[in-house]
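Below is one structure, written out as structure tokens; comments come after it.
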Amino acid sequence: MLRTLKELHDYTIGAADGDIGHVKDLYLDDEAWVVRYLVVETGGWLSGRRVLISPMAIGEPDWSARLLPVSITQAQVENSPDVDSEKPVTRQHEMDYATYYGYPAYWGGVGYWGAGMVPGLMLSGYEGFGTAQDIQPEALNARAQAEAGRDKKPDPHLRSGAAITGYDIHASDGDIGHVSGMLIDDETWAVRYLVVDTSNWWIGHQTLVAPQWIEAVSWADRTVSVGLTRQAIKDAPVYDPSQSFARDNELRLHRHYGRDGYWEPAEVPATERSRV
């Protein structure tokens with residue numbers, strides 16, 4: 001199912017020994033367009049410190065209670081490596097983080113998460129890694145340091161989801177609106193769509209563009225360029241944030257632009273398959 005960036009804000013991160021805090025932002029990989037970390041504000045129990053939580057730690061969410069349970073403890077979070085969420089996260093930071101929690105590196109594979117598409121499978125399917133409680137940090141340290149030593153520069157591919165909100169959208173023939181949100185796949189944590197607010201041109205009109213349709217992002221100029229015309233965006237199906245955005249809605253959007261979907265054929269409703 002697709003969740004909005006706004007919806008995920010303030011979700012509770014719950015550990016077995018107590019709540020860790022509330023989601024305040026997301027760190028996105030701007031090459032794969034996948035959420036790599038949740039930025040969590042811990043509140044009073046940890047003096048308001050902000051920490052990073054990997055989707056690899058998240059269990060079965062309780063969406064009605066706005067709760068994301070995790071397989072780590074308050075004690076682990078309290079003693080975790082410091083990462084300043086206001087500054088770029090380096091590969092060294094990520095390796096220190098992975099070593100501490102006993103996580104394999106997500107980068108370097110053909111999928112969103114290593115060789116796969118779902119973050120949790122990295123732990124169960126990665127030989128030599130168990131839960132954070134099972135891991136001997138000393139056993140991971142040599143590998144982690146070797147990997148981290150290859151690139152100690154800030155990773156320019158991790159971006160704040162909140163910061164991207166507000167970026168201008170440039171169509172192939174001119175400006176068209178701005179990013180007002182995102183739709184995130186709650187299984188893979190991939191960003192499936194950017195929500196485009198075109199109200200400066202058409203009152204109350206919102207629509208969606210997929211990251212795969214982006215031609216360039218200028219982080220300095222805060223602009224996103226898409227290979228779509230203004231007219232095509234104007235004529236696209238309207239996105240209503242008060243309504244769920246189901247697979248049939250996605251099909252109409254992709255058909256409008258003549259673009260392939262990311263889903264498997266079996267995921268298309270039977271009544272729609274003849275039209276795909």
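Laid out as a table, the results:
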read-out: Qualifying strands (runs of 3 or more DSSP E) (wholly inside region 168-259; at least 1 residues being basic (Lys, Arg)); value: 191-197
read-out: Matching entry among 235, 248 (being in contact with a Pro (Cβ under 8 Å, 6 or more places away or on another chain) and at pLDDT below 95); value: 248
read-out: First in region 70-87 and touching a residue at least 40 places away in the same chain (Cβ under 8 Å) and hydroxyl-bearing (Ser, Thr, Tyr), second anywhere and surrounded by fewer than 17 Cβ atoms within 10 Å (Cβ to Cβ) and assigned to a loop (DSSP other than H, G, I, E, B), Cβ under 7 Å, 6 or more apart; value: 71/59; 71/131; 73/16; 73/17
read-out: Hits in region 20-44 - residues which are out of contact with any Lys or Arg (no Cβ under 9 Å at 6 or more places or on another chain) and under 11 Å from residue 77 (Cα atoms); value: 20
read-out: Residue satisfying all of: in region 232-243; out of contact with any Phe, Trp or Tyr (no Cβ under 8 Å at 6 or more places or on another chain) and touching a residue at least 24 places away in the same chain (Cβ under 8 Å); least open to solvent (accessible area, probe 1.4 Å) among these; value: 233
read-out: Residue within region 147-163 that is part of a loop (DSSP other than H, G, I, E, B), modelled with pLDDT of 95 or more, open to solvent by 10 Å² or more (accessible area, probe 1.4 Å) and not polar (S, T, N, Q) present; value: no
read-out: Test result for residue 186, at pLDDT below 95, charged (D, E, K, R) and either within 25 Å of residue 29 (Cβ to Cβ) or touching a Lys or Arg at 6+ places or on another chain (Cβ under 9 Å) (or both); value: yes
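The values are calculated or read from the model by the stated rules, or taken from the named source; none is laboratory data. Worth saying up front: this structure is predicted, and the values here are computed from it rather than measured. With ideal geometry, Cβ positions are generated from the backbone for all residues, glycine too; neighbour counts draw on all protein chains shown. Keep in mind that these areas ignore ligands, DNA and RNA; they rest on the heavy atoms of the full protein, side chains included. Shrake-Rupley method; radii C 1.70, N 1.55, O 1.52, S 1.80 Å.
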